[in-house]
Structure formats: C-alpha cells, structure tokens
1. Would you be able to tell me the number of residues in region A:103-124 that are assigned to a loop (DSSP other than H, G, I, E, B) and over 22 Å from A:Gln215 (Cβ atoms)?
2. For region B:144-160, which positions are part of a helix (DSSP H, G or I) and loosely packed, with under 14 Cβ neighbours inside 10 Å?
3. Would you pick out the residues in region A:34-55 that are closer than 17 Å to A:Met324 by Cα, among the hydroxyl-bearing types (Ser, Thr, Tyr) and within 14 Å of chain B (Cβ to nearest Cβ)?
4. Residues that are in a loop (DSSP other than H, G, I, E, B) and either closer than 17 Å to B:Val94 by Cβ or in the same structural domain as B:Ala131 (by TED's automatic domain parsing) (or both): does region B:229-240 have at least one?
5. Give the number of residues within region A:205-228 that are in a loop (DSSP other than H, G, I, E, B) and either crowded, with 16+ Cβ neighbours inside 10 Å or of a type in the set (A, V, I, L, M, F, W, C) (or both).
6. Residue check, A:Lys315 against (1) more than 14 Å from chain B (Cβ to nearest Cβ); (2) under 29 Å from A:Gly119 (Cβ atoms), all met but one. Which one?
7. Scanning region B:21-62 for residues that are buried (at least 20 other Cβ atoms within 10 Å of the Cβ) and of a type in the set (S, T, N, Q), which turns out farthest from A:Val166 (Cα to Cα)?
8. Determine whether B:Val115 is over 30 Å from B:Val263 (Cβ atoms), surrounded by 13 or more Cβ atoms within 10 Å (Cβ to Cβ) and touching an Asp or Glu at 6+ places or on another chain (Cβ under 6 Å).
There are 2 protein chains.
Amino acid sequence: MKKIYPFLLISLWMSFQSINAQNSKDSLIIRKIYDEALQKPAAYEWLDFLSNQIGGRLSGSPQAAAAVAFTKQVMDTLGLDRVFLQEVMVPHWVRGKKEVGKMISSKLGTKEFPVCALGNSVGTGAEGLLAQVIEVSSFEQLKELGRGQIEGKIVFYNTPMNPSYVRTFQAYGESAKYRFSGPSEAAKLGAVGTIMRSLTTRLDDYPHTGSLGYQLNVAQIPAIAISTNGAEELSLRLKQDKNLLFYMETHCQMLEDVLSYNVIGEIKGSAFPDEIIVVGGHLDSWDTGDGAHDDGAGVVQSMDVLRILKSLNIKPKRTVRAVMFMNEENGLRGGKKYAEEAEAAKEKHIAALESDAGGFTPRGIGVTDDANGMDSYLKWNALLKPYELEIREGGGGADISPLRNQGTVQISLSPDSQRYFDVHHTEIDTFEQINQRELQLGAAAMASFVYLLSEYGTR
Amino acid sequence: MKKIYPFLLISLWMSFQSINAQNSKDSLIIRKIYDEALQKPAAYEWLDFLSNQIGGRLSGSPQAAAAVAFTKQVMDTLGLDRVFLQEVMVPHWVRGKKEVGKMISSKLGTKEFPVCALGNSVGTGAEGLLAQVIEVSSFEQLKELGRGQIEGKIVFYNTPMNPSYVRTFQAYGESAKYRFSGPSEAAKLGAVGTIMRSLTTRLDDYPHTGSLGYQLNVAQIPAIAISTNGAEELSLRLKQDKNLLFYMETHCQMLEDVLSYNVIGEIKGSAFPDEIIVVGGHLDSWDTGDGAHDDGAGVVQSMDVLRILKSLNIKPKRTVRAVMFMNEENGLRGGKKYAEEAEAAKEKHIAALESDAGGFTPRGIGVTDDANGMDSYLKWNALLKPYELEIREGGGGADISPLRNQGTVQISLSPDSQRYFDVHHTEIDTFEQINQRELQLGAAAMASFVYLLSEYGTR
C-alpha cells in the first residue's frame with residue numbers, strides 16, 4: 001500500500017491544479033460576462049422599445065405580433081446560427097371597454113371602485129350585473145356559508161397576501177388560488193359573479209388582473225379584481241350595510257384562437273451540439289401595463305445572454321437556445337408546444353432556465369435536477385459569490401415546466417422579490433419601473449450560469 | 001483515558017442541546033421581529049412625515065431643528081427608559097438662490113446645464129465666474145497638465161463611476177475623491193473653479209451635490225456638480241470648441257456655527273446595563289431632495305429597532321441606544337461629539353450599527369471587530385439565512401467611526417446598492433423612491449442583529 005502514496009498525492013495535487021485552472025478560467029470569463037452586461041446595456045435598450053414602442057402584448061393582439069417581429073429582428077442581428085419562429089395557436093381574449101365597479105347603497109350612497117376584469121373571464125356585457133355581495137376570507141368559509149348564503153350573490157374574496165414572508169412569491173402562491181379557482185368555486189354554489197382582492201401586500205388603487213380558470217361543467221360567471229384600497233373600503237362598507245348592491249360591468253370576451261409564435265434563437269454547441277440548453281422568458285404580457293417586468297425583462301435578458309456570448313466570442317460546448325415563449329399568461333400554449341415539438345424531434349434538452357420574476361437585482365439561481373441532485377451546481381457557488389449570487393435548490397418556470405417530463409433540469413433566475421407585486425399585472429408594470437443595473441445584472445447572472453452549463457453539462 | 005469518554009459524550013450532547021435550545025429561542029424571537037416589522041410599517045410611516053412634512057434638513061436649517069423635535073417626540077411615545085438631546089455645534093452652509101451653469105461658445109452658441117453647488121463651497125456671488133474649461137479624467141492628468149494649462153481655468157473633473165463593480169459603493173469610493181479634494185487640488189495649480197461630473201453610473205439630468213473639503217492654506221474656489229448627461233455633452237462640446245467659456249453662478253455661503261443636537265433614545269440593559277450597543281443613522285440630509293434614502297431611512301429604522309423590541313416585550317440584556325446623529329453630510333460633528341462624550345463619561349460602547357446606505361432590501365450585515373475577529377458573528381448566519389441576510393466581514397459608518405478608537409465594534413447594514421446612486425444627493429431622493437417592504441426589512445435585520453448582540457455581546 002505504501003507505494004501508491006506518492007502517486008496518490010501527485011494525482012490529488014494534479015487534480016487540484018486542474019480544478020484551480022478551471023476555476024480561474026471560468027472566473028475570468030464570468031468577470032468578462034459581467035463587464036459586458038454592465039457596460040453595454042443591450043437588454044435595457046431592447047426593453048425600452050418593447051415596453052414603450054410596442055407596449056402590453058396579450059396573446060393574439062397586434063402588439064403580440066409586433067413583439068414576435070421585433071425579437072426576431074433583434075436576434076437576426078446577433079450573428080446566431082439559427083433564428084426561427086415556431087407556430088402555436090393561442091387563445092385570444094380581449095378586455096374591451098373599460099370596466100365599471102360600483103357600490104350602490106341606500107344608506108351609504110353610490111361609489112365607484114378601481115376594478116378590472118380577470119383574464120379569460122366572460123363579460124357581463126352592457127347590461128352589467130347587479131347583486132348583493134358576500135365577503136369570504138377562504139374557500140373553507142365559502143363552503144360553510146353554502147348555497148343558502150351564496151346563491152344569487154357576488155362573492156368577494158377578501159384574501160390578503162401575507163406580508164410576513166420574506167419571499168413575496170410564497171404569499172402569492174397562497175392567495176392566487178382565489179383568483180384562479182375562485183369564480184368556479186363560487187359558481188358551484190350559485191354565485192353570479194366574483195370580486196377578487198388584488199394580489200399585492202401594498203395598499204394602493206391599482207387593480208391587478210391575471211388569469212382565472214373556469215372548471216368544466218360549471219357556470220362561467222363574470223369576475224373582476226378590485227384594488228387593495230378598494231377591497232379595504234368595500235369590506236368596511238359591507239359592515240355598515242350588509243345589503244348593499246354591487247354593479248359590475250365588463251366587456252371582455254374570448255374570441256377564436258389565433259396563430260402566433262414562439263421566437264427562438266440558437267448558438268450551436270461546438271462539442272455537444274445535440275445537448276440543448278434553453279434560456280427564456282415569455283413574450284406575451286397583460287394588456288393593462290407595458291409588461292416591462294412581466295415578462296419583458298425575461299425576454300430581453302434571454303436575448304442578451306446570446307448577445308453576450310457572441311460578443312465575447314465564447315463558443316459554448318453545448319447548444320444554447322433563447323426562447324421567447326408565447327401565451328404564458330392565459331394559456332401556456334407556447335411552453336406546451338415547445339415541449340411537444342422537442343419531444344417529437346427527439347431533441348435532448350438538458351436544462352432550461354426561465355426568467356419570469358421581474359427585472360430586479362438577482363439574488364439566486366434556483367435549480368431542480370430530479371436525476372442528479374444539487375452537488376455539481378453548488379460547486380459553482382464559489383464562482384458566483386463575488387457577484388452576490390447564490391445557487392439554491394428549487395427552480396423552474398411555467399413555460400419550461402412541460403420539459404420536465406423529458407428530464408430537463410428546471411432552473412430559474414430569482415431576483416429580489418420585494419417590489420414585484422407592487423406592479424405585477426397592473427397599469428404600472430412599465431419601463432419606468434425598471435432599473436438598468438438590476439436588469440443587466442440579471443442578464444449577467446443568466447449568461448454566467450448558461451456558460452457553466454454549456455461547459456460542464458448537468459452531471 | 002477511557003473513563004472520561006462517556007462524560008465527554010454527555011457533555012458534548014448537553015452543549016449541543018443547549019446550542020439548539022438557544023438557536024430555537026433566538027430563531028423564534030427573530031421570526032417575531034420580522035413579523036412585527038413587516039406587519040406594522042412604523043418606520044415607513046415616520047419616514048413619510050420626515051420626508052414629506054419636514055423635507056431636506058441640512059445642518060443648521062429650520063428643517064434640521066424640526067427633525068430633531070420630530071424624532072424626539074416619536075421616541076417619547078415608545079416607552080423608553082430615556083430620551084435625550086445631546087448638544088452639538090454644527091456648520092451652517094446655505095445654498096442660496098438656484099445655481100446657473102452655462103456654456104458660451106462663439107462657434108456652438110450658448111447652452112444651460114443642470115448644475116448645483118457642492119456642499120461647503122464658496123459662492124461666486126451675483127457676478128458669477130466666467131472662464132475657459134479644461135477637462136481632466138484623473139489627478140495624475142491634472143498634475144501632468146500643470147500650472148501652465150490649469151491657471152485661470154475651470155477644471156472639469158469628468159471622472160465617471162465604474163459601472164462594472166457589482167457593489168456600487170466601490171465605484172463611489174474611487175470617484176468621490178474628485179468631489180471632495182478636486183477643488184483644492186485644482187486651486188493649487190491656479191484653477192478658478194471646478195465642475196464635477198455627478199456621482200452616478202446612470203445617464204440623467206440630475207446634478208448630485210455632496211461635500212467638498214477645502215485644504216488649509218489653499219485658495220477656496222467655487223465648485224459645482226453637473227449632471228451625467230451634462231458632463232457627456234460638455235465633454236463633446238469641448239472637443240468641438242476647446243476655447244468655449246463656462247459661466248457658473250452660485251450663491252452659497254458658510255454662516256456661523258449653529259447649536260443643534262444628536263437625538264438619543266435608550267432601553268436600559270437588564271443584565272449588563274453598562275455595556276452599550278448603538279444603532280443609528282444621521283438626521284441631517286442634503287437640501288436638494290427630501291433625504292428619504294440618505295439618511296431618513298437609517299433614522300426611522302433605528303427608531304423602529306427600539307419600537308420593535310418594546311412592542312415584543314424583549315428586555316435586552318445590554319443597553320440599546322438609538323442615536324440620530326446630526327451633521328454627517330458636511331462636518332460629522334454629531335458623530336465626533338457623541339464619541340467625545342462617551343469617552344468623557346467613560347461609557348463602554350461594545351458595538352455600533354449604522355444604517356446609511358439607503359432603505360433598500362438588506363443583503364448583509366457588515367462587521368469589523370478589531371479585537372475578536374468574525375467567528376462569533378458568523379455563527380449567527382444560520383439564524384439570519386431564512387431572511388436572505390448574510391453576515392460579512394467589514395462594516396462601519398461615518399457617524400460611528402469616531403467610536404472605533406474606544407474599541408467599539410463597527411457594524412453596518414448593507415442594503416442592495418444598485419439604485420442608491422440614482423437618487424443620492426439629488427432632488428429625487430424623495431419618499432416616492434422608498435419601498436415599504438424593503439425599508440421594513442432593513443429595520444427587521446437591524447433589530448435582529450441588535451437583539452443577538454444584546455443577548456451575547458461581542459465575544
């Protein structure tokens with residue numbers, strides 16, 4: 001046994017040297033990626049155009065078509081190996097005329113509230129809907145009240161997001177079910193409409209839209225969101241006059257499906273071209289604002305990942321694809337279609353990274369690797385710590401989730417979440433809310449992680 | 001030897017249990033601190049008043065006196081053991097009439113630029129100052145140019161902050177010397193005035209004020225800051241006409257010193273009342289904005305630390321003092337006076353934590369402990385990680401720095417720094433730039449760390 005000791009030591013020393021060399025090469029490249037992202041704000045400039053020249057771009061809208069054309073044109077200038085459109089049929093929901101929400105009380109008088117229709121909801125039409133309101137704070141309470149109390153009424157989900165969580169998405173996760181499932185749950189008990197308290201911990205006057213999901217074989221009833229200040233006041237007024245009436249008028253409707261596209265740009269891998277890494281965001285947005293944070297940010301950051309790799313002349317060993325998914329907000333058709341086509345073409349997607357949590361300062365990269373666990377990713381923490389970025393267990397995104405069945409590692413950019421629900425799905429999700437450095441740091445974080453994935457793969 | 005094994009194991013097990021119990025008690029208390037801070041936004045409400053009802057509060061101004069009265073009144077309501085004012089004479093610099101900065105060129109015409117006087121600078125008076133401009137990018141270049149090129153001219157320090165650093169304070173540290181020392185360095189070579197490129201990486205139209213420091217026995221020349229867009233344009237115009245003239249007019253002046261105060265609130269320690277922990281920020285601000293981030297945030301967070309401890313009925317073992325220091329911006333008289341009086345009274349200040357980097361999402365707590373190193377603090381990382389907060393080596397703040405000679409551990413709150421220099425020392429450092437959750441998370445971070453210090457001391 002003694003004899004192999006020197007060999008072992010030398011071999012250990014050599015592998016240590018090689019790890020050092022690798023780290024030092026990688027740390028130099030990551031430094032260059034950050035320099036490029038911070039010194040040349042391409043993502044920020046593209047987002048300016050996407051937000052201010054195109055604006056809100058709900059699936060099926062002319063703006064969504066403009067966003068497809070714009071991002072394809074941008075990627076056409078980057079010297080990529082391939083830029084292409086992937087056809088996908090998307091739902092076409094339109095909001096129509098500005099919504100009305102009004103309290104009518106013989107005791108308290110009449111008062112208008114800031115409201116908006118929930119995405120995919122049916123409209124009341126011009127005749128509107130007038131009914132008594134019953135406030136609930138949970139599905140449990142709704143069920144306890146039962147048909148006797150609910151039938152013929154408008155159910156008011158006054159379900160505030162919990163402000164105590166440090167990560168606001170945790171609170172969103174708990175309360176968003178009332179927006180998505182609330183209308184059908186109420187309709188099952190005979191409700192004629194719903195009012196949803198907007199999903200933010202902040203008290204303000206902006207109603208937050210977002211998708212509902214009607215259940216099969218349940219009456220489809222109109223559904224609106226009310227601002228948090230509005231919810232507070234309506235709750236107070238109901239205590240003062242439980243018989244008050246609420247009038248809601250929405251002109252939204254679901255039209256025929258429309259042809260749209262995922263927009264895809266690709267750099268071919270130099271060593272393992274068949275191993276594909278996706279980096280993406282979603283190209284559609286709600287119509288209320290400009291969709292700058294949700295998810296213009298993820299779109300322009302993903303394109304910037306390709307730009308940065310090209311401009312630093314980094315030739316990734318594995319294929320890197322930026323995908324602008326269409327229709328995350330009210331259908332996920334783009335994400336589903338992408339995964340279907342990947343499977344049909346027997347493509348091997350080793351990993352997918354989505355940025356869909358706003359263009360704020362990146363705090364972490366979340367990873368879910370069902371097959372291999374976290375060890376190989378956590379080793380990269382040493383490389384990313386100088387950039388105040390931490391690799392964490394648990395990642396993913398709506399658009400990339402259909403790839404999970406194919407064994408694709410699910411990865412998300414995790415920006416600081418404190419301000420996201422101030423603007424999410426509202427008229428103030430605009431370019432003015434974007435900070436250039438924060439956005440570009442996100443692009444740098446994504447490019448760095450994609451670089452490491454492209455060098456070392458997922459195991 | 002064998003005999004002591006079981007004893008050792010039991011003893012190890014017991015100390016493990018006790019560490020666990022301690023951690024579990026501490027983690028429960030820290031959870032309560034965060035709940036209190038996030039559910040009851042006291043700091044945010046106080047900052048609304050300080051920013052919107054009082055506003056910019058430069059040392060010696062009526063607003064600074066109002067800020068003294070307001071913060072004392074707030075602390076008087078908190079049920080503290082002691083609230084008191086500490087007298088301090090402060091400089092009284094006044095900006096006077098709005099400044100003028102204008103390029104005059106026979107080739108290019110006349111153009112006004114957004115400018116403001118640097119703090120503590122002498123004014124030009126109504127007659128103004130008209131001279132040729134010479135642009136420099138460093139002190140080295142200034143010295144190379146020498147008296148021959150500099151004499152009689154206005155020196156234009158076009159010294160951009162480096163955008164590549166992830167922590168923006170690093171870039172500020174490198175460039176701020178031109179603001180502070182630039183006027184005297186230029187005057188030594190015969191310059192008649194200086195123009196400073198504003199200290200931000202962003203390109204915009206806001207001039208950033210801030211202190212200069214005139215050197216003894218060097219001519220005191222007028223000094224202004226120009227916005228970054230202004231600096232870019234002036235640099236371009238100088239390339240087009242190197243003989244262009246610049247007219248600057250500032251009406252600032254230094255008046256007689258004024259009596260002012262540090263405002264101090266205290267909770268007496270239950271076990272070690274003679275060991276004092278300071279938590280603080282500075283009460284004065286520049287006059288251009290409302291001083292919401294710099295440093296209204298630190299002030300209201302420090303008061304909120306005491307409020308949180310009181311409202312959770314936490315009785316700290318060591319004395320905790322919130323100190324609102326006067327005159328950080330243009331003299332540091334409050335910080336110096338506080339340390340002098342502490343020394344004269346033979347008080348034992350074991351630690352001081354300053355929040356003076358904006359009311360943004362806290363990322364870290366920086367610690368400099370000259371005597372004991374980092375080990376005992378780093379152990380607390382496990383308690384703070386759930387709150388996305390990291391203990392880091394290296395901390396301090398201007399106001400608490402005079403305590404360092406007395407062996408006081410220097411600690412800083414380190415918020416995310418990306419947006420700070422967008423607003424720092426400008427007219428847009430206002431309450432609108434404050435996010436409630438970010439500010440309150442800072443208060444929670446400070447309260448948690450102060451709680452741990454009060455329980456376990458600094459070694």
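The values are calculated or read from the model by the stated rules, or taken from the named source; none is laboratory data. Small disclaimer: the values here were computed from a predicted structure and weren't measured. Note: ideal-geometry Cβ built from the backbone for every residue, glycine included; neighbour counts use all protein chains shown.
1. Kept after step one, since they are assigned to a loop (DSSP other than H, G, I, E, B), are these residues of region A:103-124: A:106-108, A:113-114, A:118, A:120-124.
Next, from what is left, pick out any that are over 22 Å from A:Gln215 (Cβ atoms): A:106-108, A:113-114.
Residues in region A:103-124 being assigned to a loop (DSSP other than H, G, I, E, B) and over 22 Å from A:Gln215 (Cβ atoms): 5 in total.
2. B:Glu144, B:Gly146, B:Arg147, B:Gly148
3. Of everything in region A:34-55, just one residue is closer than 17 Å to A:Met324 by Cα, among the hydroxyl-bearing types (Ser, Thr, Tyr) and within 14 Å of chain B (Cβ to nearest Cβ), namely A:Tyr44.
4. Residues of region B:229-240 in a loop (DSSP other than H, G, I, E, B): none.
Taking every residue of region B:229-240 in turn, none turns out to be in a loop (DSSP other than H, G, I, E, B) and either closer than 17 Å to B:Val94 by Cβ or in the same structural domain as B:Ala131 (by TED's automatic domain parsing) (or both).
5. In the first step, residues of region A:205-228 are kept if they are in a loop (DSSP other than H, G, I, E, B); the result is A:205-210, A:212-222, A:227.
Applying the additional criterion that residues be either crowded, with 16+ Cβ neighbours inside 10 Å or of a type in the set (A, V, I, L, M, F, W, C) (or both) yields A:206-210, A:212, A:214, A:216, A:218-219, A:221-222, A:227.
So the count comes out to 13.
6. (2)
7. B:Ser61
8. Numbers: over 30 Å from B:Val263 (Cβ atoms): yes; surrounded by 13 or more Cβ atoms within 10 Å (Cβ to Cβ): yes; touching an Asp or Glu at 6+ places or on another chain (Cβ under 6 Å): yes.
Yes: the conditions hold for B:Val115.
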